[in-house]
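The values are calculated or read from the model by the stated rules, or taken from the named source; none is laboratory data. It should be emphasised that the depicted structure is a prediction, and the values quoted were computed from it without experimental measurement. As a convention, Cβ positions derive from the backbone with ideal geometry for all residues, glycine included, and neighbour counts pool all protein chains shown. Heads up: the accessible areas ignore ligands, DNA and RNA and are worked out on the full protein's heavy atoms, side chains in. Shrake-Rupley method; radii C 1.70, N 1.55, O 1.52, S 1.80 Å.
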Amino acid sequence: MIIDKRSFTALLLAAAFSGSALAAKTDITLGMALEPPNLDPTGGAAAAIDEVVYANIFEGLTRFKADGSVHPALASEWSIENEGKRYVFTLQSGVKFHDGADFTADDVKFSIERAKADDSTNAQKGLFENITSVEVIDDATVAIDLETPDGNLLFNLAWGDAIILDSESADNAATAPIGTGPFTFSNWVQGDRIEIEKNPDYWGEAVALEKATFKFISDPTAAFASLMAGDVDAFPNYPAPENLVQLEADPRFKVVVGTTEGETILSMNNKSEALADVRVRQAIAHAIDRQAIVDGAMFGYGTPIGSHFAPHHPSYIDLTGNSTFDQDKARALLKEAGVEGDISLSLKLPPPAYARRGGEIIAAQLREVGIETTIENVEWAQWLEQVFKGKDFDLTIVSHTEPLDIGIYARDDYYFQYNNPNFNELMAAFSKEIDIEQRDIMLKQAQTIISEDYVNGFLFQLAKTGVANTKINGLWENQPTQANDLTGVSWSD
Amino acid sequence: MSVAASSRFKTLLPGAFLVLVFFGAALISFFYTPFDVETLNIKNRMLTPNAVNWLGTDHFGRDILSMLMVGARTSIAVAFIAVGIGVLFGVPLGLLAASYRGRWADEFIMRGNDLVFAFPALLIAIMITAVFGPGAVNAIIAIGIFNVPVFARLTRGASLSLWNREFIMAARVAGKGSARISFEHILPNILNLLIVQSTIQFSLGILAEAGLSYVGLGAQPPTPSWGRMLADSQTLTTVAPHLALFPGMVIVLTVLGLNLLGDGLRDWLDPRLRRER
């Protein structure tokens with residue numbers, strides 16, 4: 001058979017175009033800077049776990065939506081009884097785990113008790129502390145009893161740490177996660193990618209995507225190259241803000257700048273010799289020029305904060321005025337504390353650009369008021385060991401990405417070792433309060449206390465700088481929790 | 001001008017010139033840099049070369065020329081001391097091994113050196129800095145350690161042939177001990193080899209320092225370092241290529257200069273090569 005060259009070429013072209021031109025793409029490749037250590041969100045603190053599995057593979061009784069509000073998930077509705085001490089949940093019917101097992105009230109009881117257990121490795125055990133018992137009323141109804149009324153329960157149950165597992169498959173969740181979500185886990189190539197596929201038997205609204213791949217690219221230069229080459233369709237948290245201008249100018253991409261729950265702070269060891277004095281901490285707060293840090297380290301992306309609180313939260317109050325950039329005041333405070341020109345602090349910096357670059361800027365700013373710092377760049381493992389567990393540091397820079405996490409200041413043994421009984425009482429009262437107005441007042445008080453105690457240097461709210469192909473719709477603009485929720489994502493053609 | 005002299009100009013002089021520029025910049029930086037390298041000026045960041053900042057400014061608004069000058073100091077200090085460590089330990093070990101040639105002490109020293117030599121150099125450096133923490137001092141030790149076997153082997157090899165020569169015999173007959181012969185007669189005769197090797201090792205030391213700083217294991221901020229300047233500018237190459245270009249060029253030119261100088265010195269100092277010309 002003889003095919004002349006021209007018609008053969010035409011045939012090839014037709015074959016190449018017919019597939020893509022007719023239907024929108026149904027697979028997506030997302031870039032992530034960090035690879036999760038495992039895939040069990042109830043057994044590890046790493047944000048990367050939730051960024052793969054939250055809302056995609058695993059679901060809880062409630063869930064966060066893109067705007068941070070709490071919505072029903074596996075629980076279709078609930079009622080509050082016994083003066084706020086008993087929550088009765090009605091569960092969605094017809095829900096099956098990916099392995100075919102039925103989802104019932106027993107699974108809820110199992111999952112919460114597993115998270116609460118003494119040997120549980122759940123990173124947020126505090127979420128479950130107030131729960132005294134879980135009672136299975138029937139297959140589709142479950143009641144949670146609380147020690148004290150808790151206005152946070154529905155919020156707490158929406159966290160990735162509170163997802164529901166099946167007792168049969170829970171032990172393997174780290175490597176072979178089986179949940180109830182719209183996607184099933186299909187493949188994990190360690191060091192490279194994780195693939196998930198559409199769950200055809202999903203109980204809820206069917207998702208548009210057939211397949212999704214999370215590709216792990218830690219090097220910012222490689223991240224840029226992968227976007228440019230089209231290997232990655234979107235980078236929900238693009239790691240190098242310096243490239244955003246260029247990506248924005250490229251018609252293939254859209255850059256979406258949103259908010260995260262990441263309060264980026266200059267953590268101070270409140271028990272270290274020099275920093276135990278509030279005047280020294282205040283001096284440091286006044287020596288820092290936040291805008292220079294946002295500009296220099298984040299290329300302008302980020303919102304200055306004056307306390308440990310997200311500016312987009314309704315209860316936020318602007319307390320940046322407590323620590324305005326004022327070098328003279330900083331010097332005066334150091335003099336008053338009697339440590340003028342005689343203070344040397346360690347500054348341990350984990351890998352992200354906000355810490356490494358921000359650290360160099362802060363070191364230079366502190367030097368100008370007479371505080372010497374010794375910078376030590378550390379990897380995350382070392383940081384967790386030395387700073388977070390060992391408390392062997394004076395200063396460090398880190399972004400606290402959990403939502404509404406001001407409660408960490410009530411933990412006396414938390415790594416920055418802040419100790420204020422009044423604050424602890426306030427937080428205890430807050431967790432019991434159900435009245436929305438009272439809760440609002442308490443949150444504002446809490447922000448004010450830690451701001452005026454100059455617990456840490458409050459720098460800026462990390463921005464979510466997402467880069468995506470312009471044809472992708474439905475990615476989260478903001479990041480109210482650590483997640484890459486793909487349920488609403490689709491391609492337009 | 002003789003043939004020998006003209007060929008010397010091809011390597012020795014350009015090499016010496018480049019090295020002088022680089023040492024000169026480092027020396028001047030002790031007294032004067034156009035701008036302070038520890039003061040940041042975020043508003044002036046990533047300026048392209050201009051009349052005020054001759055080589056532009058980096059991502060923190062620091063003057064790149066000033067940083068390169070002070071960075072030269074870091075590079076020289078690290079490489080110089082590292083080569084010093086290599087000479088200080090390697091040469092005596094080599095002399096000792098040669099004086100015990102063929103006996104167990106010789107074997108012991110040289111196999112120990114082989115062991116160190118067998119490790120990839122950068123791996124040793126990463127291991128040391130991983131254990132003792134990053135910093136210029138640990139970088140020096142790390143680079144120094146892999147210099148030791150280089151000098152030990154060279155010294156032993158060159159000394160062995162000398163031990164059979166008549167003038168050494170004469171010295172032994174005169175009652176001099178091994179140690180005295182090694183230092184009084186052997187060492188001066190292999191000095192030219194050591195000098196040439198030192199310049200080569202010096203250039204390797206500068207590359208190693210840049211490499212360690214690049215991966216964050218060398219001098220820590222705010223001390224400027226060429227390798228870290230490269231690392232810092234990596235994600236900025238598309239926005240401000242001069243941030244990576246200048247430190248990269250300086251590293252290349254310095255290493256080139258030292259290698260040319262080493263080549264030139266070898267031709268100049270080696271008596272055999274001189275005679276052949």
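Taking 0.36 nm per residue of separation and subtracting the Cα-Cα distance, what length does fully extending A:ASP318 through A:ALA45 add? Intermediate results must be reported in sequence, preceding the final value.
Working: separation 273, 0.36 × 273 = 98.28 nm, distance 2.96 nm.
Stretched out fully, the A:ASP318 to A:ALA45 stretch lengthens by 95.3 nm.
Quick check: at a probe of 1.4 Å, how many percent of the accessible area of the range B:31-123 sits on carbon and sulfur atoms? Present the calculation step by step, with values, prior to reporting the outcome.
Working: 3460 of 4800 Å².
Percent of accessible area from carbon and sulfur atoms in the range B:31-123: 72.
Determine the relative contact order of the range A:259-463: mean sequence separation of Cα pairs under 8 Å and six or more apart, normalised by residue count, in whole percent.
40
Can you figure out the FRET efficiency of B:ARG103 with B:PHE132, using R₀ = 35 Å and their beta-carbon distance, to the nearest 0.05?
The value I calculate is 0.50.
Compute the length gained on full extension between A:ASP405 and A:ASP27: take 0.36 nm times their separation in residues and subtract their Cα-Cα distance, giving the result in nm to one decimal.
132.6 nm
If you keep only loop residues by DSSP, which GluC sites (Glu not before Pro) in the range A:171-273 have at most 15 other Cβ atoms within 10 Å of their Cβ? Each step should come with its number before you reach the end.
Working: sites: A:GLU195, A:GLU197, A:GLU205, A:GLU210, A:GLU242, A:GLU248, A:GLU261, A:GLU263, A:GLU273; in loops: A:GLU205, A:GLU210, A:GLU273.
Sites meeting the loop and neighbour criteria: A:GLU205, A:GLU210, A:GLU273.
Provide the net charge surrounding A:HIS400, with neighbours chosen by a C-beta distance below 14 Å and charges set as Lys +1, Arg +1, Asp -1, Glu -1.
-3
Once you order the gyration tensor axes a ≥ b ≥ c over the Cα atoms, which shape class does the range A:200-254 get: rounded for a/c under 1.5, otherwise prolate or oblate by comparing a/b with b/c?
Prolate.
Taking each residue of B:228-236 in turn, how many C-beta atoms of other protein chains fall within 10 Å of its C-beta, and what is the average?
The per-residue average across the peptide is 3.
Over chain A, what is the mean sequence separation of C-alpha contacts under 8 Å (at least six apart), divided by residue count, expressed as relative contact order in percent?
That works out to 21 percent.
Would you mind telling me the share, in percent, of accessible area of the range A:259-463 contributed by carbon and sulfur at probe 1.4 angstrom?
49
Tell me what the protein assembly as shown gives for mean residue ellipticity at 222 nm when only DSSP H runs of n ≥ 4 count, each as -39,500 (n - 2.57), the sum divided by the residue total, rounded to 500 deg cm²/dmol.
-14000 deg cm²/dmol
Determine the distance separating the Cα centre of the range B:101-120 from the Cα centre of the range A:265-343; give it in Å without decimals.
56
For the pair A:ASP440 and A:SER133, how long in nm is the line joining their label points, each one 7 Å along Cα→Cβ?
According to this spin-label approximation, the distance is 3.8 nm.
Hey, can you find the accessible area per residue of the protein assembly as shown for me, probe 1.4 Å, expressed in square angstrom?
Numbers: 33950 Å² over 770 residues.
Result: 44 Å² per residue.
Figure the gain on full extension for A:ALA117 and A:ALA276 (residue separation times 0.36 nm, minus the Cα-Cα span) and round it to one decimal in nm.
Fully extending the segment from A:ALA117 to A:ALA276 adds 53.6 nm.
Where Lys and Arg each count +1 and Asp and Glu each count -1, what net charge lies around A:LEU319 among other residues with Cβ under 13 Å from its Cβ?
Result for the neighbourhood of A:LEU319: -2.
Calculate the FRET efficiency for A:ASP328 and B:TRP54 from the Cβ-Cβ distance with a Förster distance of 41 Å, rounded to the nearest 0.05.
Values: r = 34 Å, r/R0 = 0.83.
My answer for the efficiency is 0.75.
Under a point spin-label approximation (7 Å from Cα along Cα-to-Cβ), what is the A:THR374-B:VAL21 distance to one decimal in nm?
That separation, rounded to one decimal, is 3.8 nm.
Looking at chain B as a GNM with Cα springs under 10 Å, which of B:MET46, B:MET67, B:MET127 has the largest mean-square fluctuation?
B:MET127
Beyond 31 Å, what percent of the Cα pairs of the range A:259-463 remain?
Roughly 13 percent, rounded to a whole number.
Quick one: grab the alpha carbon gyration tensor of the range B:1-145, order the square roots of its eigenvalues as a ≥ b ≥ c, and give me rounded if a/c is under 1.5, else prolate or oblate depending on whether a/b is larger than b/c.
oblate
Before we go on, tell me the buried accessible area for the B/A pair, both chains summed, 1.4 Å probe, in Å² to the nearest 100.
Summing both chains' loss of accessible area gives about 1800 Å².
I need the trypsin sites (Lys or Arg not before Pro) found in the range A:402-443, filtered to DSSP loop residues with at most 15 other beta carbons within 10 Å of theirs.
A:ARG411
Loop-only GluC sites (Glu not before Pro) in the range A:407-478, please: DSSP not H, G, I, E or B, and at most 15 other Cβ atoms within 10 Å.
When the GluC sites (Glu not before Pro) of the range A:407-478 are filtered for loop state and at most 15 Cβ neighbours within 10 Å, A:GLU477 remain.
Any idea how far apart B:LEU115 and B:LYS176 come out in nm if each label point goes 7 Å out from Cα toward Cβ?
With each label placed 7 Å out from Cα toward Cβ, I get 3.3 nm.
Measuring from the lowest to the highest alpha carbon on each principal axis, how far does chain A reach, largest first, in angstroms?
Taking the Cα atoms of chain A, the three principal extents are 94, 66, 36 Å.
When Lys and Arg each count +1 and Asp and Glu each count -1, what net charge do the other residues less than 11 Å away from A:LEU462, Cβ to Cβ, add up to?
Result for the neighbourhood of A:LEU462: -1.
Leaving ligands, DNA and RNA out of it, work out the accessible area of A:ASP394 with a 1.4 Å probe and give it in Å² to the nearest 10.
30
Which pairs, out of A:LYS116/A:LYS444; A:LYS254/A:LYS444; A:LYS335/A:LYS389; A:LYS391/A:LYS464; A:LYS116/A:LYS389; A:LYS125/A:LYS391, put more than 27 Å between their alpha-carbon atoms?
Long pairs (Cα-Cα over 27 Å): A:LYS116/A:LYS444; A:LYS254/A:LYS444; A:LYS335/A:LYS389; A:LYS391/A:LYS464.
Round to the nearest 0.05 the FRET efficiency obtained for A:ASN38 and B:ASN192 when R0 = 60 Å and r is the Cβ-Cβ distance.
So the FRET efficiency works out to roughly 0.50.
Give the Cα extents of the range A:253-295 along the principal axes, in whole Å, largest first.
50, 19, 11
Once the convex hull of the alpha carbons of the range A:366-493 is built, what does its volume come to per residue, in cubic angstrom?
187
Quick check on the range A:87-134: take the gyration tensor over C-alpha atoms, sort the square-rooted eigenvalues as a ≥ b ≥ c, and tell me if it's rounded (a/c under 1.5), prolate or oblate.
On the way: a/c = 2.85, a/b = 1.62, b/c = 1.76.
In terms of gyration-tensor shape, oblate.
Any chance you could check the Cα centroid distance between the range A:434-493 and the range B:187-224 for me, in angstrom?
49
By average Cβ neighbour count within 10 Å, what is the ranking of B:151-160, B:186-195 from highest down?
B:151-160, B:186-195
I'd like the projected area of chain B, averaged over all directions, using the convex hull of its alpha carbons. Report it in nm² with one decimal.
In nm², the orientation-averaged hull projection of chain B is 18.3.
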